[in-house]
Amino acid sequence: MRLDLAGRTALVTGSTQGIGRAIAAGLAAAGARVGVNGRSRESVDRALSSLGDAGDFVPVPADVTTAEGAAAALETIGPVDILVNNLGIFGAQEPLDITDDDWRRYFEVNVLAAVRLTRSTLPDMRSRGWGRILYIASDSAVVIPAEMIHYGMTKTALLGVSRGFAKEAAGSGVTVNSVIAGPTHTGGVEDFVYELVDRELPWDEAQREFMRRYRPQSLIQRLIEPEEIANMVVYLASPLASATTGGALRVDGGYVDAILP
């Protein structure tokens with residue numbers, strides 16, 4: 001299959017590290033011009049340095065969790081053909097200790113920022129007759145983890161947002177999908193793993209212990225690599241996925257114990 005995105009412009013939010021950076025690299029390898037987004041110019045520059053000369057990358061330093069930051073990001077990158085709402089925060093917290101402010105912050109960062117960017121880009125995509133909007137969700141959307149209910153709630157919300165905007169885009173040539181990412185190996189997740197298992201363990205042992213104790217449903221019995229998530233995103237962003245919309249596509253290592261989400 002040829003995943004040709006030449007001539008397309010993509011914006012990947014929160015793409016200075018982890019899954020977002022892998023997605024940016026994958027889209028660029030398929031020929032897209034890709035906006036690399038982070039809150040500071042320093043973080044964006046570090047990401048661009050790590051990405052090297054492997055594609056056409058545009059620095060997009062902006063806090064897209066605010067209306068002003070989202071507008072600045074879109075002004076920097078120009079008309080967007082592919083929007084990947086990857087930005088998200090997570091962390092373990094005792095359920096009864098999650099404050100009102102915590103609930104609001106998780107919703108505003110993980111859900112409202114994506115809704116705002118969708119609202120800003122979908123009309124133009126629809127007028128051009130082509131576009132791709134993607135939300136990076138999580139297995140936590142379906143299997144709510146007891147140690148981070150507030151995070152799981154936001155990822156469940158993204159599934160609803162994605163399906164709803166797919167209906168709004170019906171018949172326009174614009175597709176809207178979510179990607180359910182399973183437990184993935186990123187720097188942030190390494191920190192999270194060590195919050196839950198013995199910090200003295202070497203990483204390979206810590207990972208196995210984490211999967212055994214906290215994610216035993218995984219059928220691949222390992223953390224997923226960011227590039228594996230990116231592969232699905234690049235396919236869904238490509239012309240080959242033109243009949244796939246309103247879906248929640250799983251790259252979860254078989255973690256969710258269901259045929260459908």
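Points to keep in mind about this one:
- Selection within the range 47-67: residues that are of a type in the set (A, V, I, L, M, F, W, C) and outside any loop (DSSP other than H, G, I, E, B). The member of this set that is surrounded by the fewest Cβ atoms within 10 Å (Cβ to Cβ) is 67.
- Residues satisfying the stated conditions in the range 190-228, i.e. of a type in the set (Val, Ile, Thr) and out of contact with any strand residue (DSSP E or B) (no Cβ under 7 Å at 6 or more places or on another chain): 193, 197, 220
- Top-ranked residue in the range 16-42 [being assigned to a helix (DSSP H, G or I) and among the hydrophobic types (A, V, I, L, M, F, W, C); ranked as farthest from residue 239 (Cα to Cα)]: 19
- Residues satisfying the stated conditions in the range 167-192, i.e. farther than 17 Å from residue 141 by Cα, crowded, with 19+ Cβ neighbours inside 10 Å and modelled with pLDDT of 95 or more: 169, 174, 175, 176
- Residues satisfying the stated conditions in the range 96-131, i.e. within 22 Å of residue 63 (Cα to Cα) and either among the basic types (Lys, Arg) or in a loop (DSSP other than H, G, I, E, B) (or both): 104, 105, 116, 119
- Residue in the range 181-198 that is farther than 30 Å from residue 104 by Cα, part of a loop (DSSP other than H, G, I, E, B) and outside the structural domain of residue 127 (by TED's automatic domain parsing) present: yes
- Residue 5, sole failed condition from (1) in a helix (DSSP H, G or I); (2) within 14 Å of residue 231 (Cβ to Cβ): (1)
- Test set (1) modelled with pLDDT of 95 or more; (2) not in a loop (DSSP other than H, G, I, E, B) - residue 246 fails condition number: (2)
- Hey, residue 163 more than 15 Å from the chain's Cα centre (by Cα), surrounded by 14 or more Cβ atoms within 10 Å (Cβ to Cβ) and within 15 Å of residue 135 (Cβ to Cβ) or not: yes
- Residue-level check: of (1) in contact with a strand residue (DSSP E or B) (Cβ under 9 Å, 6 or more places away or on another chain); (2) outside any helix (DSSP H, G or I); (3) within 26 Å of residue 190 (Cβ to Cβ), residue 80 misses just (3).
The values are calculated or read from the model by the stated rules, or taken from the named source; none is laboratory data. It should be emphasised that the depicted structure is a prediction, and the values quoted were computed from it without experimental measurement. So basically every Cβ, Gly included, is an ideal-geometry build from the backbone, and we count neighbours across all protein chains shown.
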